[in-house]
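Have a look at the structure below, then the notes.
FYI, it's all coordinate maths here, none of it is from the lab. Everything numeric in this text was worked out from a predicted model, so none of it was measured. Counting neighbours? That spans all protein chains shown, and the Cβs are built from the backbone with ideal geometry, glycine included.
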Amino acid sequence: MIISPEMFKDLLKRNGMTIVAAESITAGLFASTLASVKGASAILKGSVVTYNIDMKKIFWGVKESTLEEHTAESMQTTREMVEGLRKAYNKSSIYIAVTGVASPGTPEYPVKEAVGTTFVVCWMEGQLHEWKELITSEERNEIRQRAVDFMMEKVYRLVEEKYGDNS
């Protein structure tokens, strides 16, 4: 089931929760999708796009060794992004980070993972939740949109399991 931005917003709002994001592969599409619905400011605290490796290091404290050993598109990098996000802003209920591969690598920027590989790490109430998904598409904007859908569905399910739907 695809979770609409309205459903997502309503569930978080009913449970008094907020979310903040560190986006890479989605390049701000997660925040934009949430902000497309009226009342999104009740749950969305913000999002920072760190598409570039240097930005991941500067904003989130992703270690050079992590990038060298695992690449910028890895679960390890995504985990460090969410930890950096928590350090940067400590006033949200949910922290989420996303990285992945939206198109084939180049000689200047090789990638290890298959196109469509998406990594999501979420911190909620003292627990880390990690997911890896292979989105089967060759169209980069479809991969990005489906990554956002995947993020919303996973967070929605976490909140629903913890608090129920309450609708």
Next on the checklist: Only one of D165, D149 is touching a residue at least 24 places away in the same chain (Cβ under 8 Å) and under 13 Å from the mean Cα position of the chain (by Cα). Can you tell me which?
Outcome noted: D149
Checklist entry - Within the range 20-60, how many residues turn out to be touching a Leu at 6+ places or on another chain (Cβ under 6 Å), β-branched (V, I, T) and in a strand (DSSP E or B)? => result 0
Next on the checklist: Where the second residue is outside any helix (DSSP H, G or I) and the first is aromatic (F, W, Y) and lies in the range 68-95, which pairs have Cβ atoms under 6 Å and are six or more apart or on separate chains?
Outcome noted: Y89/V20; Y95/V20; Y95/W123
Item to check | Residue list for the range 111-125, filter: over 23 Å from F59 (Cβ atoms) and surrounded by fewer than 20 Cβ atoms within 10 Å (Cβ to Cβ) | outcome: A114, V115, E125
Item to check | Criterion violated by T136 - all others in (1) of a type in the set (S, T, Y); (2) over 23 Å from T33 (Cα atoms); (3) surrounded by fewer than 19 Cβ atoms within 10 Å (Cβ to Cβ) satisfied | outcome: (2)
Checklist entry - Would it be correct to say that Y51 is among the aromatic types (F, W, Y) and either touching a strand residue (DSSP E or B) at 6+ places or on another chain (Cβ under 6 Å) or under 18 Å from K154 (Cβ atoms) (or both)? => result no
Checklist entry - Quick check: anything in the range 73-82 over 16 Å from the mean Cα position of the chain (by Cα) and either more than 14 Å from V121 (Cα to Cα) or not in a helix (DSSP H, G or I) (or both)? => result no
Item to check | Count - residues of the range 88-101 that are closer than 18 Å to L67 by Cβ and either touching a Cys at 6+ places or on another chain (Cβ under 6 Å) or not hydroxyl-bearing (S, T, Y) (or both) | outcome: 4
Next on the checklist: Please count how many residues of the range 81-110 are in contact with a Ser or Thr (Cβ under 8 Å, 6 or more places away or on another chain) and surrounded by 23 or more Cβ atoms within 10 Å (Cβ to Cβ).
Outcome noted: 6
